[in-house]
Amino acid sequence: MDEASQHAVAYDASGQPIGTGRLLPNAYIGRMAVLKSHRQMGAGGAILENLVNTRRTLLQSHNLPTVDTWVRLHAQVHVEGFYRRHGFEASGPIFMEAGIPHVLMGRDLA
Ligand SMILES: CC(C)(COP(=O)(O)OP(=O)(O)OC[C@H]1O[C@@H](n2cnc3c(N)ncnc32)[C@H](O)[C@@H]1OP(=O)(O)O)[C@@H](O)C(=O)NCCC(=O)NCCS
């Protein structure tokens, strides 16, 4: 789905890419990852908020009241707190994806 997605890439001061994430056309965020050496410095949060804002801009540009205003993602359970601190709520049971426990999370942009 890369070609159909919007991408956010974080760079360090020397211009090296250090983190990434993508927004799918169905408003799911995924493939969030920051290099281990560059974590806990706000890059992941900046990528996430950038993707959320990208979705918000898309919604506003279409201006369709019937459009689903939620952004969703499958969070690895061990980083659920990270997403919660960015306004996402968990719903439903924990499920396995690629052998890793995940939970569905969403944030309403309305
Ligand atoms: C999840 C992931 C993308 C987060 O990236 P990150 O760059 O570390 O994210 P941030 O720095 O914005 O936030 C991480 C934590 O650092 C803290 N932090 C941010 N800036 C900080 C700073 N300047 N000083 C100290 N702590 C800081 C945040 O409070 C946050 O805490 P929380 O996770 O308890 O909410 C990263 O850990 C990762 O790539 N993990 C492996 C892949 C993965 O699990 N991806 C998610 C799949 S669902």
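Here are a few things to note about the model shown:
- Qualifying position, being closer than 16 Å to His7 by Cα and either of a type in the set (D, E, K, R) or not in a loop (DSSP other than H, G, I, E, B) (or both), among Arg55, Arg107: Arg55
- Filtered residues of segment 21-45 (kept if within 21 Å of Gly106 (Cβ to Cβ) and not small (Gly, Ala, Ser)): Arg22, Leu23, Leu24, Pro25, Asn26, Tyr28, Ile29, Arg31, Met32
- If you go through segment 65-77 and pick out every residue that is farther than 15 Å from Ile29 by Cβ and surrounded by 10 or more Cβ atoms within 10 Å (Cβ to Cβ), you end up with 2.
- Of all residues in segment 28-78, those satisfying the criterion of being among the β-branched types (Val, Ile, Thr) and out of contact with any helix residue (DSSP H, G or I) (no Cβ under 8 Å at 6 or more places or on another chain) are Ile47, Val52, Thr54, Thr57, Thr66, Val77.
- Qualifying residues in segment 61-75 (those that are among the hydrophobic types (A, V, I, L, M, F, W, C) and either in a loop (DSSP other than H, G, I, E, B) or in contact (Cβ under 8 Å) with a residue 40 or more places away in the chain (or both)) - the one nearest to the ligand (Cβ to nearest atom): Leu73
- Contact map, segment 31-60: first residue on the phi > 0 side of the Ramachandran plot, second residue of a type in the set (D, E, K, R), Cβ cut-off under 6 Å, separation 6 or more or different chains; pairs are Arg31/Arg22.
- Screening Val9 against (1) loosely packed, with under 14 Cβ neighbours inside 10 Å; (2) of a type in the set (A, V, I, L, M); (3) out of contact with any strand residue (DSSP E or B) (no Cβ under 6 Å at 6 or more places or on another chain); (4) within 22 Å of Arg107 (Cα to Cα) leaves a single unmet condition, (3).
- Residue within segment 20-37 that is assigned to a helix (DSSP H, G or I) and more than 7 Å from the ligand (Cβ to nearest atom) present: yes
Values in this text are rule-based calculations from the coordinates and carry no lab data. The structure displayed is predicted, hence computed values, not measured ones. Neighbour counts are summed over all protein chains in view; Cβ atoms, including those assigned to glycine, are modelled from backbone coordinates with ideal geometry.
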